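Asker: Below is one structure. I have some questions about it.
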Amino acid sequence: MMMNIGRDQIEANLRLHVDRLAGLIGVRTLKKPKTIQATIGYIEGQWTAMGYVNTRECYDAIGDEATNLIVEQPGTKRADEIVLLGAHYDTVFSTPGADDNASAVAVMLEVSRLLRDPNYHLASDTPNTLDYTRMTKAALGVAGAMRRLLR
């Protein structure tokens, strides 16, 4: 099955996303708003190119404005059952965050691309609603994740 969905393309996309986030943008903290805005722009641009429309969920996170980026792909059979696929896109102040957490954001972007691709057998029949959420402030007690889960 893996060969049918382009293993080489998946690997190339994953590497590109990590390079853009950790290499080009670098450290992504709310104290560096330009890097957060660049990250949001990158993620939203990727989703837009895939045909998704995302929403933003802004909230106060210990005195800083944080933003969750959300895409929901309705399920075909059990739409009321939601599978949440989440990753935080910010980093701690001292690292560009390739491992923590550009790699998880890259995987989330690829999963959302594959499940939108009509050539991938699961794309047309996802029984549960898929909720792709990118969060900030993960280092402060997963504030973004908790906010999303409690909705």
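The values are calculated or read from the model by the stated rules, or taken from the named source; none is laboratory data. It should be emphasised that the depicted structure is a prediction, and the values quoted were computed from it without experimental measurement. With ideal geometry, Cβ positions are generated from the backbone for all residues, glycine too; neighbour counts draw on all protein chains shown. SASA here: full protein model, heavy atoms, side chains in, ligands and nucleic acids out. Shrake-Rupley method; radii C 1.70, N 1.55, O 1.52, S 1.80 Å.
Asker: Picking from 53, 71, which residue would you name as being surrounded by fewer than 17 Cβ atoms within 10 Å (Cβ to Cβ) and among the hydrophobic types (A, V, I, L, M, F, W, C)?
Answerer: 53
Asker: Let me ask something else about it. Residues being open to solvent by 30 Å² or more (accessible area, probe 1.4 Å), within 18 Å of residue 69 (Cβ to Cβ) and not aliphatic (A, V, I, L, M): count how many of those fall in region 8-43.
Answerer: Residues that pass the stated criteria total 7.
Asker: Scan region 77-105 and report the pairs whose first residue is within 12 Å of residue 29 (Cβ to Cβ) and whose second residue is charged (D, E, K, R) and open to solvent by 70 Å² or more (accessible area, probe 1.4 Å), with Cβ atoms within less than 8 Å and a gap of 6+ or a chain change.
Answerer: 91/100; 92/100; 93/31
Asker: Quick one: how many residues across region 67-91 are under 14 Å from residue 43 (Cβ atoms), touching a Lys or Arg at 6+ places or on another chain (Cβ under 8 Å) and of a type in the set (A, V, I, L, M)?
Answerer: Summing the residues that are under 14 Å from residue 43 (Cβ atoms), touching a Lys or Arg at 6+ places or on another chain (Cβ under 8 Å) and of a type in the set (A, V, I, L, M) in region 67-91 gives 3.
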